1. Which whole-number percentage describes the relative contact order of the chain, with Cα contacts under 8 Å and a sequence gap of 6 or more?
2. Under 24 Å from the Cα of Lys374, which lysines turn up, not counting those fewer than eight places away in the same chain?
3. Quickly rank 231-242, 352-363 as a protection proxy: mean count of other C-beta atoms within 10 Å, highest first.
4. In the stretch 2-444, what percentage of the DSSP-assigned beta bridges are antiparallel, given to the nearest 5?
5. Does the stretch 309-374 come out rounded, prolate or oblate, given a ≥ b ≥ c as the square roots of the eigenvalues of its C-alpha gyration tensor, rounded meaning a/c under 1.5 and, failing that, prolate meaning a/b above b/c?
6. With a ≥ b ≥ c taken as the square roots of the eigenvalues of the C-alpha gyration tensor of the stretch 255-402, please select rounded if a/c is under 1.5 and otherwise prolate if a/b is larger than b/c or oblate if it is not?
7. Which lysines, on any chain, are close to Lys159 with Cα under 18 Å apart, when same-chain ones fewer than 8 places away are left out?
8. Could you tally the net charge around Thr13, taking each other residue with its Cβ under 14 Å from the Cβ of Thr13, Lys/Arg +1 and Asp/Glu -1?
Amino acid sequence: MVEQFFHLQQHGTTVKREILAGVTTFLTMAYILPVQPAMLSQDFAGNPTGLPSDAVLLATCLAAAGATLIMGLYARYPIALAPGMGQNAFFVSVIMTLTAAGHANAWQTTLGIVLVSGLAFVALSLVGIRSMLLDALSVSLRNGIAVGIGLFIALIGLKNSGIIVDHPATLIQLNQAGPLTIDWAVFWFGFLVTALLLVRGVPGAILWGILGATALAALGGQLQAPATLIGLPQKNVFFQIDLVGALSLECLPFVLLFLYMDVFDTMGTLIGVTEQSGLAQQGKLERGRQAMLADAIGTVGGACLGTSTVTSYVESAAGVQLGGRTGLTAVTVATLFLLALPLTPVISMIGSYPPITGPALVLVGAMLAGNVTKVCWSDASEAIPAFLIILGIPLTFSIADGIALGLIAYPAVKLCGGKPREAHWIMYLLALLLVAYFFGRSWAG
């Protein structure tokens with residue numbers, strides 16, 4: 001039955017190889033389990049967002065398992081999905097923006113925004129008009145967003161771990177007391193272990209680094225052992241969504257940005273992983289619509305369960321390298337996400353101490369920053385808006401505001417530079433919406 005459904009022989013693989021590939025992919029992306037609750041349960045200033053850590057972990061496991069299962073059984077690709085790094089930081093940024101604007105139910109509205117963007121993604125996948133949306137943002141802007149988010153994630157990792165601290169004159173500085181603290185020891189040990197394993201190409205390098213840092217933190221007395229090592233999440237935020245607030249004109253730019261990020265991430269990952277495995281030729285996917293739909297449904301389900309945008313993971317390439325070629329690899333990953341749920345007490349303990357997860361944020365940020373080479377620096381009309389995004393995201397400490405700077409600048413620079421047709425009409429509309437939003441926010445403030 002497995003052979004008939006997945007066509008293992010046709011793809012030159014076996015059940016054993018597919019399962020091993022699935023285990024490898026899971027190990028490379030399992031770092032999201034402690035990182036996601038830690039990021040979504042508090043904002044960048046350390047204040048609670050309102051989302052309970054347990055609830056986020058439950059939503060993460062269920063959303064990742066569900067979306068990956070759809071990818072495996074419907075699209076039949078060896079690609080795993082989970083809440084995306086970058087999108088989770090943007091999610092928190094939107095919560096902070098809405099909170100500052102006076103929204104009493106900011107996180108519920110943000111979940112609603114993710115839901116609306118996911119439904120829009122489903123519609124685009126069903127009707128097959130993705131090309132217009134994909135053409136709206138230039139390659140330089142898309143990669144500028146990835147780089148800016150990478151720098152921002154790294155900054156958050158360093159700040160939360162106590163490596164850098166506030167300073168009244170220079171805004172931030174290196175923590176002078178750092179070398180004498182256990183926080184530094186745990187962070188740099190985890191960082192060096194992870195970096196060494198990444199250099200050597202060891203599968204699951206980030207996860208092993210987290211486990212190594214956890215062991216050192218435990219030896220240093222920084223972790224409080226849970227009452228039990230086995231247990232399920234005690235809280236959930238299922239369907240706690242403010243859909244009315246998400247459909248307001250004020251939130252429209254956020255909906256579009258979430259949609260852009262999810263579509264571009266998915267397309268890039270699908271093409272990259274399937275090209276590597278020989279399942280795509282020149283970027284064309286035989287079951288591309290099904291794969292995009294699996295991703296979109298994952299985002300809708302994730303929002304309903306209580307987590308940020310679900311997207312295809314580039315870490316799936318690790319399983320492909322070991323021979324994963326069919327949806328059986330994805331089914332294996334989905335099963336492992338469900339099996340991780342009983343380890344909630346241990347995962348929550350790890351996520352409660354930022355120096356453990358900080359190295360993962362810094363090194364994932366470094367990977368995202370590699371997209372800087374894809375910005376067209378030779379064209380000033382492309383480079384300047386992309387640079388504003390790259391610089392604006394970490395310096396404003398807001399992904400939303402940083403992206404907005406570049407999206408407003410892009411059509412303006414193109415228009416003033418005598419290249420108005422190089423900017424899609426959607427960009428002009430989005431820029432006007434963002435300008436109106438900023439004026440409204442300033443007036444309200």
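The numbers here are math on the coordinates, done by the rules we state, and not lab data. Predicted model only: the values in this text are computed from it and were never measured. FYI the Cβ positions are ideal-geometry reconstructions off the backbone, even for glycines, and counts take in every protein chain you see.
1. Working: 824 pairs, mean separation 150.3, N = 445.
With pairs under 8 Å counted, the relative contact order is 34 percent.
2. Within the straight-line limit of under 24 Å, Lys374 reaches these lysines: Lys284, Lys414, Lys419.
3. Per-residue Cβ counts within 10 Å, averaged per peptide and sorted highest first, yield 352-363, 231-242.
4. Antiparallel: roughly 90 percent of the beta bridges in the stretch 2-444.
5. It is oblate, given that a/c is not under 1.5 and a/b is not larger than b/c.
6. oblate
7. Partners found: none.
8. Net local charge, Thr13 excluded: +2.
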